[in-house]
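Student: Below is one structure. I have some questions about it.
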Amino acid sequence: MLICYEDYLDAIGYLSLMIIMYIPPEKVTFLTIPSSLLYVRHYAEFAGYWSTTKYLEEVDRENPTKYYDSVTGKHLFTAPIGRTMEEYLVESGSHGWPSLRDEEVNWENVRCVAGGECVSTTGTHLGHNIPDKNGNRYCINLVCIAGQPAEGQE
């Protein structure tokens, strides 16, 4: 069965892209979004998507939170570090995506490639580095860092 994800994803307000993939009929469900979409390089969550989720209700306001790759479960970021949760949330809100800084990146599992794209070391598209007057600012798609820790990680 061929599925055009442009129509499907636009209908739920997630991504706007044109990908035609073969998915075996037994694997198709209403909410099927294959992990391969996390490797898309040219599109992002819409600005403000992260604030429409339960993230703001569930994130720990007292302690830094670890964020994991949605595909592999590898630890990618810990935030906030070197700033308050309020500062992190205000900056993220003003830019439209969770905005992370150099000290919050786990460089063992994250890379920035040509053009400022941020990816996990296993290839998951995470977002982009869009520097500002305060330094590197990594605008990250929440869906890409909403994973659970891989076995053996905290």
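Student: Identify all residues within segment 89-125 that are in a strand (DSSP E or B), over 17 Å from residue 55 (Cα atoms) and either not basic (Lys, Arg) or not assigned by TED's automatic domain parsing to the domain that holds residue 62 (or both); write none if there are none.
Tutor: Within segment 89-125, 105, 110, 112, 117, 118, 119, 120, 125 meet the criteria.
Student: With the requirement that a residue be in contact (Cβ under 8 Å) with a residue 40 or more places away in the chain and part of a loop (DSSP other than H, G, I, E, B), what does segment 47-63 give you?
Tutor: Hits for segment 47-63 are 47, 48, 53.
Student: Is it the case that some residue within segment 71-88 is more than 15 Å from the chain's Cα centre (by Cα), within 19 Å of residue 131 (Cα to Cα) and assigned to a helix (DSSP H, G or I)?
Tutor: Within segment 71-88, one or more residues are more than 15 Å from the chain's Cα centre (by Cα), within 19 Å of residue 131 (Cα to Cα) and assigned to a helix (DSSP H, G or I).
Student: A further question follows. Any idea how many residues of segment 110-144 are closer than 18 Å to residue 78 by Cα, among the hydrophobic types (A, V, I, L, M, F, W, C) and modelled with pLDDT under 95?
Tutor: Selection size over segment 110-144: 9.
Student: Additional query: Can you tell me which residues in segment 126-135 are buried (at least 16 other Cβ atoms within 10 Å of the Cβ) and closer than 12 Å to residue 101 by Cα?
Tutor: Within segment 126-135, 128, 129 qualify.
Student: Against the definition (over 24 Å from residue 148 (Cβ atoms) and over 14 Å from the mean Cα position of the chain (by Cα)), how does residue 59 come out, yes or no?
Tutor: no
The values are calculated or read from the model by the stated rules, or taken from the named source; none is laboratory data. Bear in mind that the values here come from a model prediction, so they are computed numbers and not experimental data. Cβ sites come from the backbone with ideal geometry, for glycine too, and all protein chains shown count toward neighbours.
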